[in-house]
4 protein chains.
Amino acid sequence: MSAGFVYTRRVVFYETDLAGVVHFSNYFRYMEEAEHALWRAAGMRIDGVDLDVGWPRVSATFDYKRPLQYEDEIQIAVSVSAVTRRTIQYAFQITRGDTAIGVGSMTTACVARDGVAMRSIDVPADVVSKLRAAAGQAAE
Amino acid sequence: MSAGFVYTRRVVFYETDLAGVVHFSNYFRYMEEAEHALWRAAGMRIDGVDLDVGWPRVSATFDYKRPLQYEDEIQIAVSVSAVTRRTIQYAFQITRGDTAIGVGSMTTACVARDGVAMRSIDVPADVVSKLRAAAGQAAE
Amino acid sequence: MSAGFVYTRRVVFYETDLAGVVHFSNYFRYMEEAEHALWRAAGMRIDGVDLDVGWPRVSATFDYKRPLQYEDEIQIAVSVSAVTRRTIQYAFQITRGDTAIGVGSMTTACVARDGVAMRSIDVPADVVSKLRAAAGQAAE
Amino acid sequence: MSAGFVYTRRVVFYETDLAGVVHFSNYFRYMEEAEHALWRAAGMRIDGVDLDVGWPRVSATFDYKRPLQYEDEIQIAVSVSAVTRRTIQYAFQITRGDTAIGVGSMTTACVARDGVAMRSIDVPADVVSKLRAAAGQAAE
């Protein structure tokens with residue numbers, strides 16, 4: 001994976017737990033923040049304001065290498081790692097300077113919403129090309 | 001996977017997001033709550049009060065089938081799915097009555113803590129047998 | 001304040017922080033959970049499914065007496081402490097058995113929603129009487 | 001209150017709830033982030049790494065004027081509003097550009113920790129002067 005788009009973040013107090021390190025669930029929030037920063041960099045919003053679709057998660061994974069602590073400054077690199085007709089998969093690398101913290105992935109489906117009901121639809125053609133461009137990835 | 005130990009939970013308001021459903025990161029918190037309920041059922045605490053070791057995450061995954069909404073009553077089934085000398089892997093199934101919501105897994109390492117430093121150690125022999133018993137799994 | 005309706009809760013791991021105790025922001029979530037349990041006990045839902053209004057917060061306060069730790073079993077007592085034409089104020093007492101943990105309050109406004117816009121409206125007449133009854137409070 | 005030290009923040013997705021706005025509990029997290037940014041600006045850390053004391057909350061309040069939404073860029077101004085021998089009170093103003101979002105306050109006690117036990121102690125003399133200086137407030 002190329003470095004991709006890099007989102008920078010500082011660990012805050014309430015993200016730690018009694019073990020003194022960042023709670024493992026927050027890495028999924030860090031990944032989402034990086035994903036949304038990538039969307040902003042691509043000139044888009046993920047919340048359906050400018051594109052009336054939703055992006056529910058299909059799967060999410062993270063492999064933890066080293067813990068994170070309060071006040072750590074971290075980098076979350078995100079890139080588009082796979083695309084199908086109806087899903088986008090992102091790859092993530094979290095680092096703290098030269099230290100590898102862990103790697104993760106998220107797959108999202110594209111859906112049309114009808115109230116609380118959702119119906120899977122094709123990913124709009126230009127979304128992927130805009131995301132790849134913002135992540136510094138070659139078009140496919 | 002056998003059903004395992006079942007932890008019951010109601011979705012609360014602050015776990016939802018602007019899409020009107022539970023935020024995907026909270027499923028990892030639900031899995032952890034089920035894991036800790038299993039430890040309680042096995043007569044143990046995971047926070048090192050009665051056993052001076054820690055259990056950091058090595059990896060965590062979740063596959064989402066259907067969304068969850070405010071006030072939903074859900075069941076999180078947990079069982080021990082794999083054990084190595086220094087790790088325990090748990091498998092999870094989340095359901096809402098007869099509806100499959102998704103499946104996940106978490107792998108934890110056993111470590112000795114020295115301040116913020118951690119050193120991988122062998123899983124204490126009786127921890128796994130107690131967890132398996134509490135989950136209704138046969139001894140191996 | 002009479003004891004009011006009592007909601008019972010166990011402190012979970014991710015609610016603690018590096019100081020080893022429950023993060024102070026989570027007390028506001030505990031209060032909300034108790035408020036919503038009171039609504040359920042009163043046969044109502046707060047999310048507008050059965051009553052097409054919203055209840056944004058006007059103010060919230062908490063006074064902390066003693067810290068809470070992982071696995072603590074706590075009681076959150078809630079009652080209606082004041083009502084105006086367009087707001088409801090709730091009072092809360094958190095205890096752990098005989099130990100006082102703290103007291104808080106929340107004031108919510110009743111609003112009609114028009115997309116993201118909100119317009120203050122009168123509290124529906126029967127909402128307060130149902131909540132008072134569920135909290136074991138005399139009608140006024 | 002003078003403007004004080006200003007911390008800037010963007011609302012992220014998981015901070016919203018099904019009402020489409022930021023959950024009210026997160027304003028307390030925003031205030032804490034601003035408090036800790038003030039400590040960094042004053043050359044200090046609040047987690048006891050460079051000063052072996054803790055700062056548990058005594059009370060916290062927030063008055064909500066207008067809701068916040070996903071992607072909003074907000075400013076949280078913090079200043080020291082009152083000091084006693086053993087407590088520091090902070091005042092907060094949250095704005096989104098020219099729009100007032102709300103005001104809050106937090107009072108923290110200074111404590112020495114002995115494991116999970118805490119004992120109230122005097123606020124170290126230079127902590128307040130450093131915080132006031134970082135907030136652009138005159139010494140008292």
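Things worth noting here:
- Exactly one residue out of C:M106, C:M44, C:M31 is assigned to a loop (DSSP other than H, G, I, E, B), more than 14 Å from chain A (Cβ to nearest Cβ) and touching a residue at least 12 places away in the same chain (Cβ under 8 Å): that is C:M44.
- Scanning segment A:12-25 turns up one or more residues that are in contact with a strand residue (DSSP E or B) (Cβ under 9 Å, 6 or more places away or on another chain), within 14 Å of chain C (Cβ to nearest Cβ) and at positive phi.
- Test for A:T95: is it of a type in the set (S, T, N, Q) and either touching a residue at least 24 places away in the same chain (Cβ under 8 Å) or at the interface with another protein chain (Cβ under 10 Å from one of its Cβ atoms) (or both): no
- If you go through segment B:48-86 and keep only what is over 16 Å from B:A109 (Cβ atoms), assigned to a loop (DSSP other than H, G, I, E, B) and without any contact (Cβ under 8 Å) to a residue 60 or more places away in the chain, you end up with B:V49, B:D50, B:K65, B:R66, B:P67, B:L68, B:Q69, B:Y70.
- Per the conditions (1) buried (at least 19 other Cβ atoms within 10 Å of the Cβ); (2) modelled with pLDDT of 95 or more, the sole criterion not satisfied by A:R40 is (1).
- Residues within segment D:115-140 that are under 15 Å from D:A37 (Cβ atoms) and in a loop (DSSP other than H, G, I, E, B), tallied: 2
- Unique residue being modelled with pLDDT under 95 and part of a strand (DSSP E or B) when the list is C:A100, C:A3, C:A112: C:A112
The values are calculated or read from the model by the stated rules, or taken from the named source; none is laboratory data. Given the structure is predicted, the values throughout are model-derived calculations rather than measurements. A quick note on method: Cβ atoms are made from the backbone with ideal geometry, for glycine too, and the neighbour counts reach across all protein chains shown.
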